[in-house]
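Beneath this line is the structure, given in structure tokens, with notes to follow.
Where a number appears in this text, it was derived from the coordinates with a stated rule and is not lab data. These numbers come from a predicted model, not from an experiment. Ideal geometry is used to build each Cβ from the backbone, glycine not excepted, and the neighbour counts take in all protein chains shown.
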């Protein structure tokens, strides 16, 4: 946006008739005065040049100097340089009023130059012009001097009160902590004041180390946290050119508020406003891992731990949980919090038991229940194992500082994440106490296996048609393959270069090829060997945006994908690779695509419109308005005769043999759809919700069962086996396992 600028402005001084020396005729003229002005939102308000008069012929538009017209030459007035410089200094001092060390000198210069210019103009009139500029310099300089001097006086005389600036504990209000060491933890008399001061500390780098804190120990931890977070973020996120003005100087400025029973890391993330939603989610997980490894063994017992990520002005993710007692303990989960939750970390520690009022302020309601149970992961058909930890926002809607459940000794420890790297886990860990689903299933839904993945979030899954393999796209640009019979990973995850998050994955109809697409729009194909190895990798068509839907032909060796910008493309894979073909009929995300078993008529929809098109040339052969606003997900049945579309809280069942035949059903109160999938036999529709997958009967348009994932995260990724007897589901939260459910034997 253009706020300041400049332009010339003409003012009419006189008009009449004259004999034009150019067109040699008696015609009309205008006498104009031209002057350059500073503009604010294109409105002139400060002149920055002397005026000049001229004559313009209205017939030939010729311009002649005023002295040539009047027959005499008048000396031209010069613009006072002092007035111009004084006006610029005054304007700059007013804009920089909050930085009194810069504003005050510029205000003095503006005032001195303004008075000097007025004396010079008065003495040398009419040869010197610029009186308005000199007055503007004084008008800017005096208010800027008064206000900046007042701000500077308040800053110098006001007690600093930064939490922990007095490690010795002799600041007003400092008391001994529960450990009896007055020098270990700084204390602020006012939690709100200390919190604001901590925010100020990380507002800019100011040629200081990245770590700040309320004690020397806290500063040391803050520097260690900032170093770890920067190292891992530089590795995970794509680097970009450093901005010309960056308050953090590219560092993760961190303030650590450390007390015997709690620790908080406030982090200024450089260029935080440029992070996408997925990037912010990944950064939150990395920050929590770094905070866990940094705070391990630094506090007493079940201590509170928090991380606040913010940009220049506003907060992003706020993470709350418990700190591990030692580096050998496991990573505990976190839940999302609010800005007000951070102030509790600045409350003065008490030597004795807290009063009821303090308990109310901290909103501590009690520990979580631990329901750990044993399991055998040799086969997916064994009895259900316990759930796993969910390293993601939304841990529980209760105590922000509740202690974490106990972990089995076999789980990886924090020593494995000293550099905030992902943790591998090979077996079920623990389960959680969750609210019971108050609904009686009409069909049998039994959880038979829990497939553990790495700590990186799962962003897409697919079961192979032969039932042998399960593919999982990951948040860290990798693709994992699992043997379904043993619930074990097949080798190490496959890296997909520059793909970003793997947002879509599918198998060929013969289960011999695997196709995946990512956030960057790249798609890849692999041949799947009998032992589950991915070979003969090929890079296929690159879309213009994130892949949101992908499917393969039920008969031929080609796939079709759709992007978030509305592009639909299809291309053969394997040895018969050829050029892709495109269809572009949508202005935004295409949520579902369908390929026929025979013929060349395919379909695609963005939830609001259904388009039928030819696979030969991509030309649309028909279009139907679905009249659904704010669609979020869609899915075609295998035969292409049925379509389900979900908006925020409603399911729409559409019969494609007669598009006008449709029914709608509201989701349960408080629930939203986070994914959508048709059952292979087309009579059921699976809908991802929070902590569960709901099964709806398409013909009756009613809820018939819940598949409880024993999680508090949103189940966004799920798929059915080709015979419809099994359902695999997971969220995109880190460390969330993939649950496998056996459905009723009398499936539709």
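Computed quantities for the displayed model
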{"read-out": "Spin-label pair residue 630/residue 13, simplified geometry with 7 Å Cα→Cβ offset, distance in nm", "value": "6.4"}
{"read-out": "Residue exposure sequence - 689, 64 - by fewest surrounding Cβ within 10 Å", "value": "64, 689"}
{"read-out": "Exposure proxy ranking, count of Cβ atoms within 10 Å, fewest first, for 31, 98", "value": "98, 31"}
{"read-out": "For region 4-157, convex hull volume per residue from C-alpha positions, Å³", "value": "106"}
{"read-out": "Region 4-157: relative contact order in percent, alpha carbon pairs under 8 Å with at least 6 residues between", "value": "19"}
{"read-out": "Contour minus Cα-Cα distance for residue 468 and residue 578 (0.36 nm per residue)", "value": "36.7 nm"}
{"read-out": "Segment residue 199-residue 702, extension gain: residue separation times 0.36 nm, minus the distance between their alpha carbons", "value": "176.0 nm"}
{"read-out": "Spacing of the two label points (7 Å from each Cα toward its C-beta) at residue 485 and residue 339, in nm", "value": "5.7"}
{"read-out": "Neighbour-count order for 230, 629, fewest beta carbons within 10 angstrom listed first", "value": "629, 230"}
{"read-out": "Normalised contact order of region 505-626, rounded percent, pairs of Cα under 8 Å and 6 or more residues apart", "value": "16"}
{"read-out": "Contour excess over end-to-end distance, with Cα ends at residue 655 and residue 280 and 0.36 nm allotted per residue", "value": "131.1 nm"}
